[in-house]
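One structure below.
The values are calculated or read from the model by the stated rules, or taken from the named source; none is laboratory data. None of the values given here were measured: they were computed from a predicted structure. No Cβ is skipped: glycine too gets one built from the backbone with ideal geometry, and neighbour counts run over all protein chains shown.
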Amino acid sequence: MTRKLLVLSLLLLAFMSTFSTATFAAGSEEDKTSFIMHHVKDSHEWHFATFGHTHVTLPLPVIIYSGDRGLEFFSSSDFQNHETHAFGEEFAHEGYYIDEHDHLGRVDGASFIDLSITKNVVMMFLVMILLASLALSAANHYKKNGAVAPKGAAALIEPIVIFVRDEIAKNSIGPKYKKFVPYLITLFLFIWFGNLLGLLPGAANMTGNIAVTMVLAVLTFIITNVNGNKDYWKHVFATPGVPIPMLLIIVPVEIIGLFTKPFALMVRLFVAITAGHIVILGFIALAFIFESYSIGIASTLMVTFINIIELLVATIQAYVFTLFSAMYIGGAVAEHAHDDHH
Amino acid sequence: MDLITPGSGLIFWQLFGFLGLLFILIKFAWKPMLAALDERESSIENALKAAETARNEMANLKAENEKLLAEARLERDTILKKAHDASAKMIEEAKAEAVKTGAQMIENAKAVIETEKKAALADVKTQVATLTLEVTEKLLRKNLSEDKAQKELVDEFIKDLKLN
């Protein structure tokens, strides 16, 4: 069985190599690695594969809001060459264009807001639909059967819910944890599912996009500061046990600290997931750069290995983001017994 | 689209999408689920407590049963001992009674024998007297011819008397 699989994968690899040579070898060195950054970044269309000159893509809606023209809807295929599927300023459509770097632009240079359903937005919706259907069918189980042992989707979701509630919320927030458990569960599952689905071939690097991590970090920031109690704000603006002249230095540091926490959340998740994708794609690119079977086999093995590590990273990063969110919230709602205790 | 510049569209959709997801999941998934979990945990806790109480009650009941059993055993022993004593006493009494009765009977028999003996002796004496009278009468009738013969005769009669 193992030998059969090995032979099969080698054949597949040989086939892929010849086939890739046809598609990639024609280009320059830069073209051979440009797909890495193209994958990691967001895009106005979902590109799955290229067979010779045939592009397998999913055109996505382009939604634009501008002060003078209001809300407008287009398809991403309106802005590209139908043969090569290339974007460019020369393929402008109704005054808008998408340039080679996937930037939306306006021919007359006036201001507008790009609200397009990009690749990552679609990916996000897929994650949300999957998460919502699992969570709702799990909840349905309890509605139907009452408080009995979990089954089906409930058996999948329940251990995670209990883990987030007991290990993350209860431990990090303290006695007032109950209010924040639903947010933390949603956060954990959204990031975790996003990380895992992002590892699938052809999937988008959604949780490795800075806009996504920024929104999540901002939500944690808002929840933390809205729930901050007297002790928390006193700590920031009149740090106890510090002489008054020192407050001139401490207070700005504390205020900056309020913002560095969500900033760290945002950057950590973005970097961890994006770096993982870049490493995997980098190993794949090696085969195209060297155009060698042995390098192809070696890099495939490395890609498999790193994919396994990425599964771990996906879980760890979801855990870390949720844990730190819980700790920040915990710091804001905690009752300090002693003023000098930090 | 740049790597470290957040796209406006993505921010917009992510913000409202995530808030919508949060709202739906909190309302329809996490609240019922967490409530069910709490309910189950409390029911398990209650069941455990009830089991503990039942176990304690069982232990108490068992101890009580054992106590009752021990008491019953003790009572049985006492009753048996009493019965044993009573029967022993009765046997003793019966024996004493029997001995007494036997002695009485022997006494009575002795008295009867004595009476009979006395009566017999009296009878014998009467007979002797009668015989003596008869002997005397015969002797007197023989006219007392010879002294010697008389003497012998008397001796003979006396001898006969002694034998009786």
Of the residues in the range B:3-33, those that are within 7 Å of another protein chain (Cβ to nearest Cβ) and not in a helix (DSSP H, G or I) come to B:L3, B:I4, B:P6, B:G7
Is there any pair with a first residue in the range A:201-223 that is within 11 Å of chain B (Cβ to nearest Cβ) and a second that is of a type in the set (A, V, I, L, M, F, W, C) and outside any helix (DSSP H, G or I) whose Cβ atoms are under 6 Å apart and which are 6 or more apart or on different chains, and what are they?
A:I210/B:I4; A:V212/A:M206
Hey, A:I256 surrounded by fewer than 14 Cβ atoms within 10 Å (Cβ to Cβ) and over 30 Å from A:N195 (Cα atoms) or not:
no
Of the residues that make up the range A:173-189, is at least one over 23 Å from B:K27 (Cβ atoms) and either in contact (Cβ under 8 Å) with a residue 40 or more places away in the chain or more than 14 Å from every other protein chain (Cβ to nearest Cβ) (or both)?
yes
Considering each of A:G208, A:G241 in turn, give the residue that is assigned to a loop (DSSP other than H, G, I, E, B), assigned by TED's automatic domain parsing to the domain that holds A:L189 and on the phi < 0 side of the Ramachandran plot.
A:G208
Does any residue of the range B:98-113 turn out to be within 14 Å of chain A (Cβ to nearest Cβ) and without any contact (Cβ under 8 Å) to a residue 24 or more places away in the chain?
no
So in the range A:290-304, with the set limited to residues that are over 28 Å from the mean Cα position of the chain (by Cα) and in a helix (DSSP H, G or I), which one is surrounded by the fewest Cβ atoms within 10 Å (Cβ to Cβ)?
A:S294
Going through the range A:101-133 in order, the residues found to be more than 9 Å from every other protein chain (Cβ to nearest Cβ) and without any contact (Cβ under 8 Å) to a residue 60 or more places away in the chain are A:G105, A:R106, A:V107, A:D108, A:G109, A:A110, A:S111, A:F112, A:I129, A:S133
Consider A:I157 against the criteria (1) over 18 Å from A:L269 (Cβ atoms); (2) modelled with pLDDT of 90 or more; (3) surrounded by fewer than 22 Cβ atoms within 10 Å (Cβ to Cβ): it satisfies all of them except one. Which criterion is unmet?
(3)
For the range A:72-100, which positions are without any contact (Cβ under 8 Å) to a residue 40 or more places away in the chain and assigned to a strand (DSSP E or B)?
A:E72, A:F73, A:F74, A:S75, A:Q80, A:H93, A:Y96, A:Y97
Before we move on, is A:Y142 within 11 Å of chain B (Cβ to nearest Cβ) and aromatic (F, W, Y)?
yes
Odd one out for B:A36, checked against (1) in a helix (DSSP H, G or I); (2) within 9 Å of chain A (Cβ to nearest Cβ); (3) farther than 18 Å from A:K144 by Cα; (4) not charged (D, E, K, R):
(3)
